[in-house]
1. Could you tell me whether A94 is surrounded by fewer than 18 Cβ atoms within 10 Å (Cβ to Cβ) and at pLDDT 95 or above?
2. Specify which of the listed residues (G216, G226) is in a loop (DSSP other than H, G, I, E, B), at pLDDT 95 or above and on the phi > 0 side of the Ramachandran plot.
3. Quick test for you: out of A19, A31, A77, pick the one residue that is among the aliphatic types (A, V, I, L, M), touching an Asp or Glu at 6+ places or on another chain (Cβ under 9 Å) and surrounded by 17 or more Cβ atoms within 10 Å (Cβ to Cβ).
4. Every residue in the range 244-255 that is buried (at least 17 other Cβ atoms within 10 Å of the Cβ) and farther than 22 Å from L13 by Cα, please.
5. Out of L84, L10, L48, L42, report the one residue that is aliphatic (A, V, I, L, M) and surrounded by fewer than 20 Cβ atoms within 10 Å (Cβ to Cβ).
6. Looking at the range 219-242, is at least one residue within 30 Å of Q57 (Cβ to Cβ), without any contact (Cβ under 8 Å) to a residue 40 or more places away in the chain and crowded, with 18+ Cβ neighbours inside 10 Å?
7. Is at least one residue of the range 169-184 part of a helix (DSSP H, G or I), over 30 Å from A94 (Cβ atoms), of a type in the set (V, I, T) and touching a Lys or Arg at 6+ places or on another chain (Cβ under 9 Å)?
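The values are calculated or read from the model by the stated rules, or taken from the named source; none is laboratory data. Source: prediction; values computed, not measured. Backbone-built Cβ (ideal geometry, glycine too); neighbour counts: all protein chains shown.
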Amino acid sequence: MTDRLPTLPLAALEGVWAAVYRHRDRLEAAAAEQVLAAWRLLAADLDLTAVMTALRQQLGEASPAAERRRHVQQVTAAAVLAQLAALTRRPAWAALIAALTAILRQGRAAGRHAGHAVMDDDPDQLADDDGEVPDDGDPAEDTAAAYTVTAAALRGTAQTIAGTLLSGVEQGDDERAMQGQADASLTAGTAWSLAAVTASAAAFTTGLVDAYLRRGVQQLDYVTAGDGRVCPTCSNAEDRSPWPANSAPLPPLHPRCRCTLQPTRAT
C-alpha cells in the first residue's frame, strides 16, 4: 500500500498548504460578503403580514402538540418560501445570480492556481492573484449551478423564518415585533452565507483537480483535518484513499467541510 500523509493539521499548516488554505479562506469570505450584500438588497422590505395572519389562524388560542407544531411550521415554511420565490421577479435578483456565477468562476480560477502551486510546492505562487488563469467554464452551467444554490438558500431561509414566526406567535408577540424578528433573520442571511461559502469551496476544488489532471496526476488522496470534528463521511473517504484522479470524491461533501485533495505521494 502507498504511504501517504493522511491528514492536514489545520492548526499548524506550513508551506504551500498553509498558503492554499489562506487563499481559500479569503476567497470564501469574499464570496459570503458578495452574496450577502446582494441578498440583503433583494430581500429589503419583504412583507410577511399575510403569512403571520395565516399562522395565527392555524394556531388558534391553544398551544399545539409537538406533532401539530411541526406540521404548522412546515406549512408556514412553505408559505414563506412562496413569498421568497416572488423575489425572483425583482430587478435585484439578476445581481444575486451574477454574484453567484462570478463566485464560481473565481473559485475555479483560484483553485487551478492553487493546484499548480501544490504541484510545484511553491507557496510564493499564491502571494497574489496575478498568476490565476482566466476561467473557461460554461456560462450556462454556471447559471444553472447558481439557481441550484439559490434554491437551497431560499429553503433554508424559509425554514428559519418559519421557526422565528412560530415562536413569536407562541410568545404573544404582535405582528410588528414578529416582522422585526423576520427582518433580522433576512438581514443575517445565514443560509446565504453558508451557500456562498459552500459554492466557492466546491468551485475551488474543481479548479484544484483540473490543475492536477493537467499536470498528469493519476491518483489523489482525500485529506481531512484529522481532528475530532471530522465527520464519518469524510473520514471514510480519506480511509479509502488513494482514489483515481478523475473519480475522487470532491469536497466539500457537506457544508463547512474543511477537506481537500492532494496528489498521492509514494515514499
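1. yes
2. Checking each option against the conditions leaves just G216.
3. Sole residue among the options that is among the aliphatic types (A, V, I, L, M), touching an Asp or Glu at 6+ places or on another chain (Cβ under 9 Å) and surrounded by 17 or more Cβ atoms within 10 Å (Cβ to Cβ): A19.
4. A245, A248, P249
5. Numbers: L84 fails: surrounded by fewer than 20 Cβ atoms within 10 Å (Cβ to Cβ); L48 fails: surrounded by fewer than 20 Cβ atoms within 10 Å (Cβ to Cβ); L42 fails: surrounded by fewer than 20 Cβ atoms within 10 Å (Cβ to Cβ).
The unique qualifying residue is L10.
6. no
7. Taking every residue of the range 169-184 in turn, at least one turns out to be part of a helix (DSSP H, G or I), over 30 Å from A94 (Cβ atoms), of a type in the set (V, I, T) and touching a Lys or Arg at 6+ places or on another chain (Cβ under 9 Å).
For every residue, the table says whether it meets (1) of a type in the set (G, A, S); (2) in contact (Cβ under 8 Å) with a residue 40 or more places away in the chain; (3) in a helix (DSSP H, G or I).
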residue	(1), (2), (3)
A140	yes, no, yes
V149	no, yes, yes
R155	no, yes, yes
A162	yes, yes, yes
W192	no, yes, yes
A199	yes, yes, yes
